[in-house]
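The values are calculated or read from the model by the stated rules, or taken from the named source; none is laboratory data. What you see is a predicted model; the values in this text were computed from it and never measured. Neighbour counts are summed over all protein chains in view; Cβ atoms, including those assigned to glycine, are modelled from backbone coordinates with ideal geometry. Heads up: the accessible areas ignore ligands, DNA and RNA and are worked out on the full protein's heavy atoms, side chains in. Shrake-Rupley method; radii C 1.70, N 1.55, O 1.52, S 1.80 Å.
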Amino acid sequence: MKRIFLISITIFTVAIILVSCGRKDSKASDKLSSIKNYSLVSVKNQALPTVLRLPAQLNPYEIVDIFPKVNGYVKEMLVDMGANVKQGQVLMIMEAPEVEQNSLGAHERYIRAQASYSESKDKYTRLVKTAETSGAVSPNDLLSAQSKMQSDSAWSNSEKANWQAMESMKDYLTVRAPFDGSITQRNIHPGALVTIGNKGDMKPMLELQQTTKLRLQINVPETYATQLAFNQIVNFNVDALPGKLFSGIIARQANSVDEKFRNEAIEVDVLNSDNLLMPGMYAEVLLPINGHSNAFIVPQSAVVKSTERKYVIKAIDNKADLIDVQTGNENNGMIEIFGNISNGDIVISNAADDIKQGQTIK
């Protein structure tokens, strides 16, 4: 009986030892399995070009509203809406009898002033010649004649300038095109009275637009504004002409950021010799962005974003090191980053916010 009792104690002890070893092995296995596997990627120092889609609007290269310079009646209209005109071409002729009369009156006054100046000049010339004989002419008379001649000369010049001004007013009765373009508005007809007034309350007589060359105006977010270059080719399309792709070159930049909308205005010159495009059309621009030469690129999944920060997780000696970064362009699943990063650094490509600073990386 005593022997059976000792055997039972021995078996029980061995069982306790085996169970204890099994628990230790299970804890070790659980500890190893708690270390997650992560994909690692090498950081590259490289710009990341991308294409930005932005709305834009086509505007005429040049546009002018034509208002009257003088009061008068429309005598003859030589163009209508839609007409193509050349620079210097006569668009309309006005008549203003009072302008003609003012010009004639100014010319008559100039003739009288010129005659008076000629008379006083001849008198002064004779007195100078007579004064060569000692005592023949008093110095006071000579000085008075000189003053009269100078006064008449000034009067003559003044009347001449006034007459020329009246003549130039007659030129405004013939309205000419200031540049090549198309008439896009006509708001008057022959016989109409046109007057000088507040342009804000008046419609123009004619509106002229240059449409063979257009300006594509784009507002570029400030994040991308510094990545553009002059003469860079820009492609775009318009809803009115589906399936067609147009292009132009960047010709002008505002070099200033709008304080309200945080963007920079740029203009693209677009040739429109076939007149397919029209001013006022909306366009979708495919704007090529060159990227930043000082940027590093990583997969987008490598950047952890929260309301407080953006960071990547660098692997150093199998430990996690959280590095704050700024982000730039995104394209094809890659993203530009800027921060305390060097070319060739290893970061986690499938990063997550549950990875803590100093955590073991397998």
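Looking only at region 61-102, filter to residues that are in a loop (DSSP other than H, G, I, E, B), touching a Leu at 6+ places or on another chain (Cβ under 8 Å) and open to solvent by less than 20 Å² (accessible area, probe 1.4 Å); which one of those is modelled with the highest pLDDT?
V79
Every residue, every condition in (1) among the aliphatic types (A, V, I, L, M); (2) more than 21 Å from T184 (Cβ to Cβ), yes or no:
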residue	(1), (2)
L214	yes, no
N219	no, yes
F236	no, yes
V257	yes, yes
E267	no, no
S273	no, no
M278	yes, no
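Within region 139-149, can one find any residue that is more than 30 Å from N71 (Cα to Cα) and not in a helix (DSSP H, G or I)?
no
Residues in region 294-340 that are under 17 Å from I355 (Cα atoms) and part of a strand (DSSP E or B): how many?
16
Taking L287 as the residue in question, decide whether it is in contact with a Phe, Trp or Tyr (Cβ under 7 Å, 6 or more places away or on another chain), of a type outside the set (D, E) and within 30 Å of G328 (Cα to Cα).
In short, no.
May I ask you to list the residues in region 268-293 that are among the hydrophobic types (A, V, I, L, M, F, W, C) and either in a loop (DSSP other than H, G, I, E, B) or in contact with a His (Cβ under 9 Å, 6 or more places away or on another chain) (or both)?
Listed by number, the residues that qualify are L276, L277, M278, M281.
Quick one: L142 ticks every box in (1) at pLDDT below 90; (2) touching a Gly at 6+ places or on another chain (Cβ under 6 Å) bar one, so which box is it?
Condition (2) is where L142 drops out.
I need a count of the residues in region 105-137 that are of a type in the set (A, V, I, L, M), free of Cβ contacts under 8 Å to residues at least 24 places away in the same chain and in a helix (DSSP H, G or I).
So the count comes out to 4.
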